[in-house]
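Written below as structure tokens is the structure these notes are about.
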Amino acid sequence: VVNTAIATGTPPTGTDVTATDTETITVDNSAATASISIAKSASQSTYGLGDVITYTFRVENDGDFTLTNVGVSDALPVLSAITQTSGTTTLAPGGSAEFTATYTITQADVDNGSVVNTATATGTPPTGTDVTATDTETITVDNSAATASISIAKSASQSTYGLGDVITYTFTVENDGDFTLTNVGVSDALPGLSAITQISGTTTLAPGGSAEFT
């Protein structure tokens, strides 16, 4: 703290006389720190495909210096823009602010069984580098009614045949369950059957997806 005092007096004649003195006192920052904290919470702890989760991020200045440029980042893919809902981007010690964002549950989340992600709060102290803090939130999928299932429909190019006829079989495979299936394929023990070839789709099928083989 630097400040200057001015003394003034009026003589019998002439203009006022003045004098100044400046005093500087220093803050004892030996035990002071810049610090920030974050607490992340979700609007629900379990979810299903297509559910929209609202995340709330509460950021607090739990240090000894005022922080500026306070904000939150989160690396969760497809998370909406993070919006500040209370407080300001400048927080005095003890001050707090809240931010929110939304996330829609994807099929990949259902397959994984949970969504685990970490939010980071950042603030800039008067001197030194930015301070950061992280918090991780885990929400789980409600798979109590979910099942893994696959179906196959096999058809032939003709229903009757003669010696030497070549029959083309078509195998339509569908994922009629609730989880993504990988390594999808078809086997058939018929002697003399040619190699089974995939003609559409992929070997990874999301629920409702299909592929064909011949």
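Determine whether segment 7-16 contains at least one residue that is of a type outside the set (S, T, Y), open to solvent by 50 Å² or more (accessible area, probe 1.4 Å) and either within 30 Å of A206 (Cβ to Cβ) or touching a residue at least 12 places away in the same chain (Cβ under 8 Å) (or both).
Among the residues of segment 7-16, at least one is of a type outside the set (S, T, Y), open to solvent by 50 Å² or more (accessible area, probe 1.4 Å) and either within 30 Å of A206 (Cβ to Cβ) or touching a residue at least 12 places away in the same chain (Cβ under 8 Å) (or both), which makes the answer yes.
How many residues does segment 65-84 hold that are assigned to a strand (DSSP E or B), open to solvent by less than 80 Å² (accessible area, probe 1.4 Å) and of a type outside the set (G, A, S)?
From segment 65-84, those assigned to a strand (DSSP E or B) are 67-74, 83-84; that's our starting set.
This time we only want the ones that are open to solvent by less than 80 Å² (accessible area, probe 1.4 Å), so: 67-68, 70-74, 83-84.
Next, only the ones that are of a type outside the set (G, A, S) stay: 67-68, 70, 72, 74, 83-84.
Of the residues in segment 65-84, 7 are assigned to a strand (DSSP E or B), open to solvent by less than 80 Å² (accessible area, probe 1.4 Å) and of a type outside the set (G, A, S).
Checking the condition in a loop (DSSP other than H, G, I, E, B), over 16 Å from the mean Cα position of the chain (by Cα), of a type outside the set (G, A, S) and surrounded by 10 or more Cβ atoms within 10 Å (Cβ to Cβ), which residue from D62, D28 passes?
Every option except D62 fails the conditions.
Please verify whether segment 164-178 includes one or more residues that are in contact (Cβ under 8 Å) with a residue 60 or more places away in the chain and either closer than 30 Å to I36 by Cα or open to solvent by less than 50 Å² (accessible area, probe 1.4 Å) (or both).
Step one: filter segment 164-178 for residues in contact (Cβ under 8 Å) with a residue 60 or more places away in the chain, giving 178.
If we keep only those that are either closer than 30 Å to I36 by Cα or open to solvent by less than 50 Å² (accessible area, probe 1.4 Å) (or both) too, we end up with none.
Checked against the condition, which is being in contact (Cβ under 8 Å) with a residue 60 or more places away in the chain and either closer than 30 Å to I36 by Cα or open to solvent by less than 50 Å² (accessible area, probe 1.4 Å) (or both), segment 164-178 yields no hits at all.
So, in segment 179-197, of the ones that are open to solvent by 60 Å² or more (accessible area, probe 1.4 Å) and among the polar types (S, T, N, Q), which residue ends up farthest from G50 (Cα to Cα)?
S194
Go through segment 176-214 and report how many residues are touching a Ser or Thr at 6+ places or on another chain (Cβ under 7 Å) and of a type in the set (F, W, Y).
Qualifying residue count, segment 176-214: 1.
Tell me, yes or no, whether segment 111-119 has at least one residue that is under 27 Å from T46 (Cβ atoms), small (G, A, S), in a loop (DSSP other than H, G, I, E, B) and more than 16 Å from the chain's Cα centre (by Cα).
From segment 111-119, those under 27 Å from T46 (Cβ atoms) are 111-119; that's our starting set.
From what is left, the residues that are small (G, A, S) are 113-114, 119.
Next cut, in a loop (DSSP other than H, G, I, E, B) only: 113.
Now drop any that are not more than 16 Å from the chain's Cα centre (by Cα), which leaves none.
No, that holds for no residue.
Just need a number here: residues in segment 168-187 that are assigned to a loop (DSSP other than H, G, I, E, B) and more than 31 Å from the chain's Cα centre (by Cα).
4
The values are calculated or read from the model by the stated rules, or taken from the named source; none is laboratory data. Every value quoted in this text rests on a predicted model; they were computed, and no experiment measured them. All Cβ positions, glycine included, derive from the backbone under ideal geometry; neighbour counts span all protein chains shown. Accessible surface areas use protein heavy atoms only, side chains included; no ligands, DNA or RNA. Shrake-Rupley method; radii C 1.70, N 1.55, O 1.52, S 1.80 Å.
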